[in-house]
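Written below as structure tokens is the structure these notes are about.
The values are calculated or read from the model by the stated rules, or taken from the named source; none is laboratory data. Values in this document were obtained by computation on a predicted structure and should not be read as measured data. Cβ: placed from backbone, ideal geometry, glycine included. Neighbour counts: every protein chain shown.
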Amino acid sequence: MPDPRISIFEGDITRIKVDAIVNAANSSLLGGGGVDGAIHRAAGPQLLEECRGLGGCPTGEARITHGYRLPAKWVIHAVGPVWRGGSHGEEALLASCYRRSLELADQAHAQSVAFPSISTGIFGFPKERAAVIALETCAAFLANNHSLEKVVFCCFDPDSVEAHRRALDHLGNPP
Ligand code: ADP
């Protein structure tokens, strides 16, 4: 039985009313394309101001800011790995992003969090594999956490939705 706190949603993460949304950021934290650009546009210029003060973030790590004009109170900026063929620690770095984001959400007393499919756009991480890592890391975290009430995987396209559904159905089963 998958954790009932986990759900999959197709749509724009900037519109979701949760306590914290996760941004697929780059290590400068100074904005970019894809979901990062959409989050900065929706949050307004104060988000970039706060990000400038953070001094960047290493790959596999995350930083938290306010959400400004977003419906979400917090934005957690997670820096996923660029896919370089799979033998450069990409899987561990992606798992680390999800884990660190959940830890920051928990520390901020967020009860609901939404994730985009980190690294699967411009950064080129294969979608199926990324979805398995996302779901497994999140389920393992939730097994030891009873404060978070809701984790949403916000997918932007039908392929991502399918990949996440399959990963959710197969949680805990060997490949
Ligand atoms: P990365 O550089 O980490 O690959 P991208 O922003 O290019 O980040 O892509 C990450 C994922 O976010 C992709 O699956 C992309 O389709 C998705 N995405 C893009 N815009 C949005 C949005 N507004 N809401 C949710 N997901 C989005």
Counting only residues in the stretch 8-61 that are acidic (Asp, Glu) and near the ligand (Cβ under 8 Å from one of its atoms), the one farthest from the chain's Cα centre (by Cα) is identified as 12
- Taking the condition more than 15 Å from the ligand (Cβ to nearest atom), at negative phi and at pLDDT 95 or above, does residue 105 pass? yes
Residue 114: passes all of (1) in contact with a strand residue (DSSP E or B) (Cβ under 9 Å, 6 or more places away or on another chain); (2) part of a helix (DSSP H, G or I); (3) among the aliphatic types (A, V, I, L, M); (4) within 12 Å of the ligand (Cβ to nearest atom) but (2)
Got at least one residue in the stretch 142-159 being over 16 Å from residue 4 (Cα atoms), within 13 Å of the ligand (Cβ to nearest atom) and in a helix (DSSP H, G or I)?
-> yes
Result of the Cβ filter at 6 Å on the stretch 14-35, keeping first residues that are more than 14 Å from residue 52 (Cβ to Cβ) and modelled with pLDDT of 95 or more and partners that are in a loop (DSSP other than H, G, I, E, B) and of a type in the set (Lys, Arg), at least 6 apart or interchain, is 19/73
In the set 142, 102, 171, 94, the lone residue that is of a type in the set (A, V, I, L, M, F, W, C) and out of contact with any strand residue (DSSP E or B) (no Cβ under 9 Å at 6 or more places or on another chain) is 94
